[in-house]
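Data block below; observations after.
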Amino acid sequence: MERFAIITGDITLSDAEAIVNAANTTLLGGSGVDGAIHAAAGPELLAECRTLNGCETGRAKLTGGYRLPAKYVIHTPGPIWRGGNSGEPALLASCYRSCLELAEQHGIRTVDFPSISTGVYRYPLSQAAGVALKAIMDFLAKHDLPERVRLVCHTEETSKIYRQTWNIWYAGDKASRM
Ligand code: APR
């Protein structure tokens, strides 16, 4: 199984053991991928989220997946973009790391992420991609679980930016390893 991949698709259809939800700090649903995940998971997801008392930006909380193919949903509120000098990069990196730590703690083998904060929260896509890929690759270099992580982009355009960023940072590295 490939350790990391960037794919295009609808994360609510993912067969990963856990999918990550780009939530808000109330964890009570919203639009974007949050809205899509709640719509697909059904009302039991919101009922469980109500018991969690929200979640801080950059942290993560686990729930069941209910009617989703995924067994779990890991909810993480990403930072709202405010120009880049309010700690956004560190908070975004913390979202990815917190989700991966939670997955490892629960013995979850496969995790799919959406592109956190790059929609309603307006984090510039190419900057978010660099932060996301570094956070994921740094974690995978030091941990055996999850065995597979994917970045599930909703549009080809988003995938293209992540792939370009990947090629700049990591494809070169592979070449040097050959
Ligand atoms: N599958 C995969 N990715 C998706 C899907 C989907 N079904 N739907 C949307 N996306 C993508 C968007 O295209 C974007 O690239 O998820 C990424 C994150 O965008 P948002 O969902 O808008 O999330 P975010 O920018 O983190 O803003 C979070 O929006 O929905 C509200 O409650 C949420 O307040 C919170 C805020």
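The values are calculated or read from the model by the stated rules, or taken from the named source; none is laboratory data. None of these values were measured; they are calculated from a predicted model. Note: ideal-geometry Cβ built from the backbone for every residue, glycine included; neighbour counts use all protein chains shown. Ligands, DNA and RNA are stripped out before the accessible areas are found, and what is left, the full protein with its side chains, is counted by its heavy atoms. Shrake-Rupley method; radii C 1.70, N 1.55, O 1.52, S 1.80 Å.
When region 77-104 is filtered for residues that are over 25 Å from ARG148 (Cβ atoms) and touching a Lys or Arg at 6+ places or on another chain (Cβ under 6 Å), only TRP81 remains.
Just give me the residues in region 21-34 being more than 6 Å from the ligand (Cβ to nearest atom), open to solvent by 40 Å² or more (accessible area, probe 1.4 Å) and touching a residue at least 40 places away in the same chain (Cβ under 8 Å), in sequence order.
THR25
For the residues ILE7, ILE11, ILE37, the requirement of being crowded, with 17+ Cβ neighbours inside 10 Å, within 30 Å of ALA171 (Cβ to Cβ) and under 16 Å from the mean Cα position of the chain (by Cα) singles out ILE11. Taking the criterion of being crowded, with 23+ Cβ neighbours inside 10 Å and within 11 Å of the ligand (Cβ to nearest atom), the residues of region 133-158 that qualify are LEU151, VAL152, CYS153. Among the residues making up region 84-122, those that are open to solvent by less than 10 Å² (accessible area, probe 1.4 Å) and assigned to a strand (DSSP E or B) are VAL111, ASP112, PHE113. Taking (1) more than 10 Å from the ligand (Cβ to nearest atom); (2) open to solvent by less than 60 Å² (accessible area, probe 1.4 Å) in turn, MET1 satisfies each apart from (2).
On the basis of being more than 17 Å from VAL111 (Cβ to Cβ) and not basic (Lys, Arg), does GLY64 make the cut? Here the answer is no, as GLY64 does not meet what is asked. Scan region 94-119 for residues that are more than 8 Å from the ligand (Cβ to nearest atom) and among the β-branched types (Val, Ile, Thr) and the total you get is 3. Within region 35-83, restricting attention to residues that are in a strand (DSSP E or B) and of a type in the set (A, V, I, L, M), the residue that is farthest from SER126 (Cα to Cα) is LEU62. Scanning region 125-162 for residues that are charged (D, E, K, R) and more than 23 Å from LEU102 (Cβ to Cβ) yields GLU156, GLU157, LYS160. Among the conditions (1) in contact with a helix residue (DSSP H, G or I) (Cβ under 8 Å, 6 or more places away or on another chain); (2) within 13 Å of the ligand (Cβ to nearest atom), the only one that GLY84 does not satisfy is (2).
The lone criterion from (1) near the ligand (Cβ under 8 Å from one of its atoms); (2) under 14 Å from the mean Cα position of the chain (by Cα) left unmet by ARG122 is number (2).
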